[in-house]
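Engineer: The following block contains the structure, expressed as structure tokens.
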Amino acid sequence: MSSSARDDDERPIPLRVANQKAYVWDVEGALHYLGFFEDKSNIAFKEDVARIRSKYRLCGILAGTLPHLSQQNVFLGIPLVLLPEEVVLLVEQGAAILIDDPAAHKPPSPAQIAQWHTEQAESMKTQLAGIESKNAKESQGGGRALSEEAQRKRKEREERKRAAQAAKALAEGEGESVFTPASEASPVPVASPSKTEVQEASAATSANTKEPPSFFPFQQTSSSATPHTIVVPAPSSSLSWYDPSSCSYSTIDAARAAGVWSYPATLEERARCGVFKSLWDQGYFMGIGIKFGGEYLVYPGDPLRYHSHFTATVLEAPTTTLRPMEIVAHGRLGTATKKAHLLCGWDDDKKEVSYLSIEWAGFG
């Protein structure tokens, strides 16, 4: 690994905090050390989302809408929302800093806004010029075979479309019936309505239902034939009025004192952070476990490759009361979901975790 790549890996990841929630907005994040904020040239670009997952074994949840697929929520994109336990772990490991994002966005001046609009226009021109150049190259020489192939595929698509339309018309009874003679199935010419009839029908319809006549003499054309250019704004780090130098915090205590971040504040929250870090230290991946009756799902590896082995429940203290019916419910639920239920008892005095796994008799 080169020295520059090693330096990029050692740079803290910016976690942008708003309303006590931490977000990772930069896929190729722009972050520079606190001492470099005045110098915009010392920006290190790094894939923050991939780095959090591959190096620190933290997954988070993608919560952003994709620009070209805005009518669905199956596939999502940035920002990456982190669990509070993940945020505390990253900051304590020195891998991330907390940024008060609303305070980092300063009011832009008119000159800065004008410059931003100019840069956006230049960016669109550059992209359109690149697309035109690419299309011109494809239409010449080597692109001729591709053009012929595209024409052949287009012709096949049109033939399939015509066949589908004919089958649909036949199914709806619009085509010729096999039980109808050809003379009866032949189309009968129908006289089109005259101008006077159209005017009379229009007047009568307007007086009664306020709806246009069914045989309106012309078709409306769509005004959206002109293609639109969609511009996705760059991260806030590229904005000239974005300055996080005075609202960045490298420790949880500093962020808590500034009122930016308060987690963990209670015994329950400290227990969750302690259990999360203990499992993380053992090499596990963690996900949200509320669907399976616990706090976390515990994976032996990346959730994209492995199923979870445990459903973890956090107990605030070794002396926490646990009813027999809860033990039975955890065991049966774990068996039904093919997981063992993991009871994690946190000792706040010793800062230690004790584990007890429950499974139904004969499971596995």
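The values are calculated or read from the model by the stated rules, or taken from the named source; none is laboratory data. Computed from a predicted structure; not experimentally measured. Note: ideal-geometry Cβ built from the backbone for every residue, glycine included; neighbour counts use all protein chains shown.
Engineer: Return yes when Ala22 is at pLDDT 85 or above, under 18 Å from Pro235 (Cβ atoms) and loosely packed, with under 14 Cβ neighbours inside 10 Å and no when it is not.
Structural biologist: no
Engineer: Pick from Ala150, Ala129: which is at pLDDT 85 or above and among the aliphatic types (A, V, I, L, M)?
Structural biologist: Ala129
Engineer: Restricting attention to the stretch 290-336, which residues are in contact with a Leu (Cβ under 8 Å, 6 or more places away or on another chain) and among the β-branched types (Val, Ile, Thr)?
Structural biologist: Val298, Thr311, Thr313
Engineer: Given the structure, is Val49 modelled with pLDDT under 90 and of a type in the set (A, V, I, L, M)?
Structural biologist: yes
Engineer: Got a number for residues in the stretch 59-85 being free of Cβ contacts under 8 Å to residues at least 40 places away in the same chain and in contact with a helix residue (DSSP H, G or I) (Cβ under 9 Å, 6 or more places away or on another chain)?
Structural biologist: 2
Engineer: Another question about this same structure. Which strands (runs of 3 or more DSSP E) does the stretch 268-364 wholly contain that include 1 or more residues that are under 28 Å from the mean Cα position of the chain (by Cα)?
Structural biologist: 285-288, 296-299, 310-315
Engineer: Another question about this same structure. Restricting attention to helices (runs of 4 or more DSSP H) lying wholly within the stretch 40-126, give those where 2 or more residues are surrounded by 13 or more Cβ atoms within 10 Å (Cβ to Cβ) and among the small types (Gly, Ala, Ser).
Structural biologist: Those helices (runs of 4 or more DSSP H) span 101-104.
Engineer: What tally of residues in the stretch 340-364 results from selecting those that are surrounded by 12 or more Cβ atoms within 10 Å (Cβ to Cβ), modelled with pLDDT of 90 or more and among the charged types (D, E, K, R)?
Structural biologist: 3
Engineer: All but one of (1) surrounded by 13 or more Cβ atoms within 10 Å (Cβ to Cβ); (2) out of contact with any Phe, Trp or Tyr (no Cβ under 8 Å at 6 or more places or on another chain); (3) under 29 Å from Val49 (Cα atoms) hold for Glu138; state the number of the condition that does not hold.
Structural biologist: Just one mismatch for Glu138, condition (3).
Engineer: Go through the residues of the stretch 242-255 one by one and say whether even a single one is over 26 Å from the mean Cα position of the chain (by Cα), at positive phi and free of Cβ contacts under 8 Å to residues at least 12 places away in the same chain.
Structural biologist: No, that holds for no residue.
Engineer: Could you list, in sequence order, the residues of the stretch 236-267 that are within 15 Å of Val91 (Cα to Cα), among the β-branched types (Val, Ile, Thr) and not in a helix (DSSP H, G or I)?
Structural biologist: Residues satisfying the conditions are Thr251, Val260.
Engineer: Here is a further query. Within the stretch 237-268, track down each residue that is within 30 Å of Tyr306 (Cβ to Cβ) and buried (at least 17 other Cβ atoms within 10 Å of the Cβ).
Structural biologist: Tyr263, Pro264 - these are the residues of the stretch 237-268 that are within 30 Å of Tyr306 (Cβ to Cβ) and buried (at least 17 other Cβ atoms within 10 Å of the Cβ).
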